[in-house]
Amino acid sequence: MKLSFMAALLLGGICFGQNNTDTSLYMKADKISYLTDIGSESGDLYSVIGHHGPAVENEWMALRIYFSDKVAIDVYNKAKAGLELKGAHWYPTATQQKEGWGADYYKVASTVGLGGVKLWDGEKLVSLNPVTNRLARVGKTETTSWMEMISKGVPYKGKKVDIKVRVTVFSGKREAKVEAFSLNGEKVQFATGVNYFKGFETKKGENYIAVWGTHPEDVAAEVVGIGAAIKYNPKNYVKNTDDGTQYLLISKPTKYLATEIASASAREKEINTLDKLEAYIK
């Protein structure tokens, strides 16, 4: 039987149009009911939200934004491609990890993490805190999942600004997109980058920074080497700096900034070394 053009397209959508991304936002006390948005005037729901903030994932990694004064981006690395957030809730058991689940090998500490956003006042970093309100939202399209954190009323250079950080993951694409917006029209200098620890290897190019090493063991069942990379347009930045814990990129005054981030694990089959990660980012 010969299929019509439309039927072929529909079948093609069934075969090839699957959205291999997902979102996760829920209260820690209730892992059954998932939310699309939540807010807090204190700006801190770190202890009451599951995995400490909104999260999204693609086949290779999950990302979360801490719902606290950090607003840093943290990574959950996977050993094999697939969606795990709804089953693992970011913290799979040791048995699950040994069976092939991923884990939280990444440690943010007091840094921006991977592609997280702060402000720069000309001399120092400014956290997106305190706030008059902080909001988290998640959503999906046919081929993506996204999360965003809106920090309202952040003191900056004698004024108050509203800053939105949005992270989008794409089905079939390892890199995630991070966008920063100054919502009330004030130009600001954004600061972003990638953190590292003692013993890490680093590769830098004109438009990327890639690091590889082991983070201090925290909640994972084992210590695993992981890579993290940020890709950026050098024309958007006025300064690159290294404070001993993170490579920072300081933007020109702007209302909008976008970067791409990616991560990989030594447990993966495809990208399991710094050289392979750099080759991919290039």
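The values are calculated or read from the model by the stated rules, or taken from the named source; none is laboratory data. Quantities reported herein were computed from a predicted structural model and do not represent experimental measurements. Quick reminder, even Gly has a Cβ in these numbers, built from the backbone with ideal geometry, and neighbours come from all protein chains shown. These area figures cover heavy atoms from the full protein model, side chains too; ligands, DNA and RNA do not enter into them. Shrake-Rupley method; radii C 1.70, N 1.55, O 1.52, S 1.80 Å.
For the reader, a short list of remarks on this structure follows.
- The length gained by stretching the chain between Glu179 and Lys86 to full extension, at 0.36 nm per residue less their Cα-Cα distance, is 31.0 nm.
- At most 16 other Cβ within 10 Å, DSSP loop - GluC sites (Glu not before Pro), segment 201-280: Glu206, Glu217, Glu222, Glu270
- In Hz, Karplus ³J(HN,Hα) per residue of segment 154-164 (6.51, -1.76, 1.60; θ = phi - 60°; x = Gly, Pro): 7, x, 8, 6, x, 10, 10, 10, 10, 10, 10
- Selection of GluC sites (Glu not before Pro), segment 58-106, meeting DSSP coil and at most 15 other Cβ within 10 Å: Glu99
- Computed 3J(HN,Hα) for segment 41-46, one whole-Hz value per residue from the Karplus formula 6.51 cos²θ - 1.76 cosθ + 1.60 where θ = phi - 60°, is 5, 6, x, 9, 10, 3, glycine and proline marked x.
- For segment 179-219: rounded, prolate or oblate by the Cα gyration tensor [a/c cutoff 1.5]: oblate
- In this simple spin-label approximation, Thr93 and Ala221 carry label points 7 Å from Cα along the Cα→Cβ vector, and these lie 0.9 nm apart.
- Assuming charge only on the beta carbon of Lys and Arg (+1) and of Asp and Glu (-1), the dipole of the chain about its Cα centre is about 660 debye to the nearest 20.
- Under-5 Å amide H pairs with Tyr237, H placed in peptide plane, nonlocal only: Lys252
- Counting only heavy atoms of the protein chains and using a 1.4 Å probe, Arg174 has close to 0 Å² of accessible surface.
- Computed label-point distance, nm, for sites Glu41 and Asp121 using a 7 Å Cα→Cβ extension: 2.5 nm
- Crossing angle, helix 5-16 versus the chain [Cα axis fit, 0-90 degrees, rounded to tens]: 70 degrees
- Distant-in-sequence amide H partners of Val161 (H built 1.01 Å from N, under 5 Å): Gly153, Val154, Tyr156
- Percent accessible area from carbon and sulfur atoms, the chain, protein chains only, probe 1.4 Å: 53 percent
- Value of Rg to Rh for segment 120-237, rounded to two decimals, is 1.00; Kirkwood radius and Rg both from alpha-carbon coordinates.
- Full extension of the chain segment joining Thr132 with Asp30 gains 34.1 nm, where the gain is 0.36 nm per residue of separation less the Cα-Cα distance.
- Segment 22-281 - percent relative contact order, Cα under 8 Å, separation 6 or more: 18 percent
- Projecting the Cα atoms of Ala79, Val165, Gly244 onto the charge dipole of segment 22-281, computed from C-beta unit charges around the Cα centre, puts Val165 farthest toward the positive end.
- Convex hull volume per residue, computed on the Cα atoms of segment 22-281, equals 115 Å³.
- For the chain, the mean residue ellipticity at 222 nm estimated from helices alone is -2500 deg cm²/dmol, where every DSSP H run of n ≥ 4 contributes -39500 (n - 2.57) and the total is divided by all residues, rounded to the nearest 500.
- Sequence-ordered 3J(HN,Hα) estimates for segment 103-120 from the Karplus curve with 6.51, -1.76 and 1.60 and θ = phi - 60° stand at 6, 8, 8, 8, 10, 7, 6, 9, 9, 7, x, 10, x, x, 10, 10, 10, 10 Hz, glycine and proline given as x.
- The stretch between Lys204 and Asn240, if pulled fully straight at 0.36 nm per residue, gains 11.8 nm over its current Cα-Cα span.
- Unit Cα scatterers, Debye sum, segment 189-263: log10 I(q)/I(0) for q = 0.17, 0.18, 0.22 Å⁻¹: -0.66, -0.73, -0.98
- Asn19 sits among other residues whose Cβ lies under 13 Å from its own Cβ, and their net charge, with Lys and Arg +1 and Asp and Glu -1, is -2.
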